[in-house]
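A short write-up of the structure that comes next.
The values are calculated or read from the model by the stated rules, or taken from the named source; none is laboratory data. This is a predicted model, so every value here is computed, not measured. Every residue, glycine among them, receives a Cβ derived from its backbone with ideal geometry; neighbour counts consider all protein chains shown. For accessibility, only protein heavy atoms count, side chains too; no ligands or nucleic acids. Shrake-Rupley method; radii C 1.70, N 1.55, O 1.52, S 1.80 Å.
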Amino acid sequence: MEVLQPDSWPEALELKATHPDAVPIAGGTDLMVELNFDRRRPQEILDLTRIAELTEWGPVNGGLRIGAGVTYARLIVELGDRLPGLAIASRTVGSPQIRNRGTVGGNLGTSSPAGDALPPLFASDAEVELASRSGVRRIPVGEFVTGPKRNCLADDELIAAFHIAPAEGPQQFAKIGTRNAMVIAVCSLALSVWPERQGVAACIGSAGPTPIRAGDAEQFIGGVLDEHDLWSTRAPIPDAALQRFGELVEDAARPIDDVRGSARYRHHALGVLGRRTLTWAWEAYRCD
Ligand SMILES: Cc1cc2nc3c(=O)[nH]c(=O)nc-3n(C[C@H](O)[C@H](O)[C@H](O)COP(=O)(O)OP(=O)(O)OC[C@H]3O[C@@H](n4cnc5c(N)ncnc54)[C@H](O)[C@@H]3O)c2cc1C
């Protein structure tokens, strides 16, 4: 197996163009498992760990541009105040070792419906920046992920970064697993409260072929908050509305039965997570 080791981003893009079958490696926490279990045997690997640009982040046009190679550990420490939902999700990823190596770019590259970074990105309408020798394009994350472990990355492209709005209000992420740590989500939910645009966004993880935005639940709760003037009074959300929000989250899921849990359990659990995360986030908004 050939290992290509570019030292710069232009060199990496050049190598990807001339070696379209070369498989990129960042932290290796997904790819090395695939290689060790002989599920993949690529002829060439493109090592991205020497590319400094991929590990940088900063403000761009009022949003944040975060390099694909920023690890979970750095995201928690350096961006936890600006991206609390993604930071909470990052804390649930693997173990300290995995969080020190694993990257959000790698989570996007794998595009697993159980990828924990993805629901917070969906609930913030993040965009993925893809680059090739011939240029750069930005794609909404909901269009980037096209199916289970599938995405729209072309053979000559690499993930450069993702663009995301800093939180305007409370954000939450909750994950159910068969134990507390080192676990693939049975299901998960990311929730973001957007006071300036007066909306709530919710995205389901690990209960469908891709992460799924709970659009009906979002619309319903948006209507309740407007109708009762709750954005300005900051009064509690009525229990019946919390209940209905949970039911609509549950309805949006498209889970299957698998080794981690049954579809029925996932539906039920998502109803609970919907009510719970909205209660937490709204309490934080009220106390702000
Ligand atoms: C013990 C263990 C526990 C884990 N726990 C969790 C968990 O709790 N939650 C979770 O979501 N995941 C978990 N994972 C999976 C993994 O850690 C994450 O998906 C992580 O985000 C992968 O990042 P990476 O940098 O290691 O990716 P890599 O393994 O380097 O790459 C993953 C995929 O993305 C591609 N890729 C990487 N970077 C780029 C790029 N810049 N451009 C194009 N393609 C790219 C690679 O070619 C590969 O297909 C776990 C893994 C292990 C081994």
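Taking the inverse of the average 1/r across all pairs of different Cα atoms in the range 118-198, what Kirkwood radius in Å do you get?
14.6
If I fit a long axis through the Cα atoms of helix 239-252 and take the longest principal axis of the Cα atoms of the chain, what angle between them do I get, 0 to 90°, rounded to 10?
30
By how many nm would the segment from Asp7 to Asp216 lengthen if fully extended, with 0.36 nm per residue of separation less the alpha-carbon distance?
Once the chain is fully extended between Asp7 and Asp216, it gains 70.6 nm.
Taking N as the number of residues in the chain, what is its Cα Rg relative to 2.2 N^0.38 Å?
Ratio of Cα Rg to 2.2 N^0.38 Å: 1.02.
Under the 0.36 nm per residue contour assumption, what length would be gained going from the current alpha-carbon distance of Val272 and Glu56 to full extension?
Stretched out fully, the Val272 to Glu56 stretch lengthens by 74.0 nm.
For the range 177-224, what ratio Rg/Rh do Cα atoms give with a Kirkwood hydrodynamic radius?
For the range 177-224, the value is 1.09.
Nothing charged except the Cβ atoms of Lys and Arg (+1) and of Asp and Glu (-1): what's the magnitude of the dipole of the chain about its Cα centre? Round to the nearest 20 debye.
About 780 debye.
What distance in nm separates the simple spin-label points at Arg150 and Glu283, each placed 7 Å from Cα in the Cβ direction?
Label at Arg150, label at Glu283, 4.2 nm between them.
With label points built 7 Å along Cα→Cβ from the Cα atoms of Arg234 and Thr49, find their separation and express it in nm.
Between Arg234 and Thr49, the label points sit 4.7 nm apart.
From Cα coordinates alone, what are the radius of gyration and Dmax values for the range 154-243 in angstrom?
16.4, 52
Which value, in Å², gives the accessible area per residue of the chain when a 1.4 Å probe is used on the protein heavy atoms?
Here the per-residue accessible area is 46 Å².
Need the full-extension length gain, Asp81 to Glu143, defined as separation in residues times 0.36 nm minus the C-alpha distance. One decimal, nm.
Details: separation 62, 0.36 × 62 = 22.32 nm, distance 2.71 nm.
Going from the current span to full extension adds 19.6 nm.
In terms of the ratio Rg/(2.2 N^0.38 Å) built on C-alpha atoms, what value belongs to the range 87-129?
Details: Rg = 10.1 Å, N = 43, 2.2 N^0.38 = 9.2 Å.
That ratio works out to 1.10.
Place +1 on the Cβ of every Lys and Arg and -1 on the Cβ of every Asp and Glu in the range 175-259, take the dipole about the Cα centre, and give the residue among Ile176, Trp194, Val249 whose Cα lies farthest towards its positive end.
Toward the positive end, the furthest listed residue is Ile176.
When the accessible area of the chain is computed with all protein chains present and a 1.4 Å probe, what percentage of it is carbon and sulfur?
Carbon-and-sulfur percentage of accessible area, whole number: 49.
Under a point spin-label approximation (7 Å from Cα along Cα-to-Cβ), what is the Asn36-Val259 distance to one decimal in nm?
Simple spin-label model gives 1.5 nm for this pair.
Taking the Cα centre of the range 242-288 as origin, work out the dipole magnitude from +1 charges on Lys and Arg Cβ and -1 charges on Asp and Glu Cβ, in debye rounded to 20.
Using Cβ point charges on Lys, Arg, Asp and Glu, the range 242-288 gives about 60 debye.
Treating the beta-carbon of each Lys and Arg as +1 and of each Asp and Glu as -1, no other charges, what is the dipole magnitude of the range 1-156 about its Cα centre, to the nearest 20 debye?
That gives the range 1-156 a dipole magnitude of about 420 debye.
Near Glu157, within a Cβ-to-Cβ distance under 9 Å, what is the net charge of the other residues, with Lys and Arg +1 and Asp and Glu -1?
Result for the local shell: 0.
What residues qualify as long-range amide H neighbours of Trp57, i.e. H under 5 Å apart, gap of 5 or more or another chain, H built at 1.01 Å from N?
Gly67
Between Ala87, Ala161, Ala235, which gets the highest mean-square fluctuation from a Gaussian network model of the chain, Cα cutoff 10 Å?
Fluctuation is largest for Ala235.
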